[in-house]
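The block underneath contains the structure these notes are about, expressed in structure tokens.
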There are 4 protein chains.
Amino acid sequence: MKIGHKVWAIAEGYIPGYSNGPEPEMVSHETACILNAGDKEADVKITIFFSDKDPAGPYRITVPAMRTKHVRFNDLTDPQSIPRDTDYACVIESDVPVVVQHTRLDSRQAENALLSTMAFAVH
Amino acid sequence: MKIGHKVWAIAEGYIPGYSNGPEPEMVSHETACILNAGDKEADVKITIFFSDKDPAGPYRITVPAMRTKHVRFNDLTDPQSIPRDTDYACVIESDVPVVVQHTRLDSRQAENALLSTMAFAVH
Amino acid sequence: MKIGHKVWAIAEGYIPGYSNGPEPEMVSHETACILNAGDKEADVKITIFFSDKDPAGPYRITVPAMRTKHVRFNDLTDPQSIPRDTDYACVIESDVPVVVQHTRLDSRQAENALLSTMAFAVH
Amino acid sequence: MKIGHKVWAIAEGYIPGYSNGPEPEMVSHETACILNAGDKEADVKITIFFSDKDPAGPYRITVPAMRTKHVRFNDLTDPQSIPRDTDYACVIESDVPVVVQHTRLDSRQAENALLSTMAFAVH
């Protein structure tokens, strides 16, 4: 199935600087969940925007056909890691249609908090 | 009323592997809430996508006319149950227009956390 | 400003049956936040859908011009109150364009949890 | 990249009146995260709507080209601060396309809760 769009944006980005609870599931993290329901591999580029410096990236991700990949922003290291406790945003571009959803788990306090929203489908 | 779309996608899927609190309301779970506001029963097919293996399904759900059904992914067992602590995503197809919203209750820690978003309306 | 749509849907509805913390702000509740940014009063009808019985309503709400109203589903009583611990969904119809957002505060456990999403804009 | 829309709305607004935990990160707050992925500075006007009085604003924000700004409603003071424990909503207008996401951190109880959603893209 050809489902989704090729360009998505997430305006809210923030990786909390500390965590409570067992690793890796309870580490404070942000995720871009990417669904590629089509029959062609998706080459995905993520560009990170900051409040006070030039954008970073692109970070390159591959999502095989008929697969999902839940990308932790915490794990992005090439070309540079994403600083913690820092406001950011991102644009996600794919060469085939995908669907993108944004989630954060915040475990800075003893009990975790969650947020999630569909990303903004640009075109 | 004919309200909604026939194809929806949810890119974020994850059923936490453990829980705290009384059952069934405080069991960690994920839900696809489906609203069929029309006057014809909806035959719904859910296909589950994974990060590392072929899709599972379709899972078949019926939503009567003028009714809502809040489907717990935890309860889907035919053709196979959905593994816990595992990234997934899904595509939901209906033969009549419906509206789909995605919710998770995570009670792995002592106090529960919630997330929700409208699913992505494909067409 | 004429902003929004005249028909909206929320597929997820559930008022938790108990609460912790001071009233009224920490009572478990669900809200439909309605923004009427236009210069004409909005007459709004809410219809509630259930999993196992006929829809209830319409519930009638007025949102003055250039005002917002955050409607707690807990407070709807005419023609009947909405049962707690019960799955529901709703369709919201207005005679002028409005914007609708859905929020839940769940305080069943000692610490509250929150969810929110834009409602689905039908037309 | 020219990404987004020039007018956005958020129907849910509420800054909790008290907080737990270290400042500033754990102060209860609401944020409009604005991404300007284009190559022209964005002049942004925020108008706040209430349930029982005339709108306030516009509040003026500048988001440089290729930058994001996460605006805390708590910090808006000109022409007037936004009252706590008060229902509000807002319309956000930019002279160039931007993407807007709405987030709340509620730390009234010992453990924080989070909500987030894409704002409603008007045009």
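The values are calculated or read from the model by the stated rules, or taken from the named source; none is laboratory data. Quick caveat, the model's predicted, so the values are computed rather than measured. Heads up, the Cβs are rebuilt from the backbone with ideal geometry, glycines too, and the neighbour counts pull from every protein chain shown. Just so you know, the surface numbers come from the protein's heavy atoms only, side chains and all, with ligands and any DNA or RNA stripped out. Shrake-Rupley method; radii C 1.70, N 1.55, O 1.52, S 1.80 Å.
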(request) Consider C:T47 carefully, then state whether it is more than 13 Å from chain D (Cβ to nearest Cβ) and closer than 26 Å to B:T117 by Cβ. (result) yes
(request) Could you look through the range B:1-31, keep only residues that are away from chain A (no Cβ under 12 Å) and among the acidic types (D, E), and pick out the one that is surrounded by the most Cβ atoms within 10 Å (Cβ to Cβ)? (result) B:E25
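A quick yes/no check of all residues on (1) more than 22 Å from A:A121 (Cβ to Cβ); (2) in a strand (DSSP E or B); (3) of a type outside the set (D, E, K, R):
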position	(1), (2), (3)
D:D52	yes, no, no
D:Q80	yes, no, yes
D:T86	yes, no, yes
D:E93	no, yes, no
D:Q101	no, yes, yes
(message) Just the residues that are assigned to a loop (DSSP other than H, G, I, E, B), charged (D, E, K, R) and out of contact with any Gly (no Cβ under 6 Å at 6 or more places or on another chain), please, taken from the range B:1-25.
(response) B:E23, B:E25
(message) Pairs needed: first member in the range B:64-92, away from chain A (no Cβ under 11 Å) and open to solvent by less than 70 Å² (accessible area, probe 1.4 Å); second member anywhere, among the charged types (D, E, K, R) and not in a loop (DSSP other than H, G, I, E, B); C-beta distance under 6 Å; at least 6 residues apart or different chains.
(response) B:F73/B:E30
(request) Output the residue which, of all residues in the range D:93-123 that are modelled with pLDDT of 95 or more and of a type in the set (D, E, K, R), is surrounded by the fewest Cβ atoms within 10 Å (Cβ to Cβ). (result) D:D95
(request) Identify the single condition in (1) at positive phi; (2) touching a helix residue (DSSP H, G or I) at 6+ places or on another chain (Cβ under 9 Å) that A:I15 does not satisfy, given that it satisfies every other one. (result) (1)
(message) Can you find, within the range A:51-63, the residue that is nearest to A:S19 (Cα to Cα) among those that are surrounded by 13 or more Cβ atoms within 10 Å (Cβ to Cβ) and within 7 Å of another protein chain (Cβ to nearest Cβ)?
(response) A:S51
(request) Of the numbered conditions (1) touching a residue at least 60 places away in the same chain (Cβ under 8 Å); (2) more than 27 Å from B:G17 (Cα to Cα); (3) assigned to a loop (DSSP other than H, G, I, E, B), B:K40 fails exactly one; give the number of that condition. (result) (1)
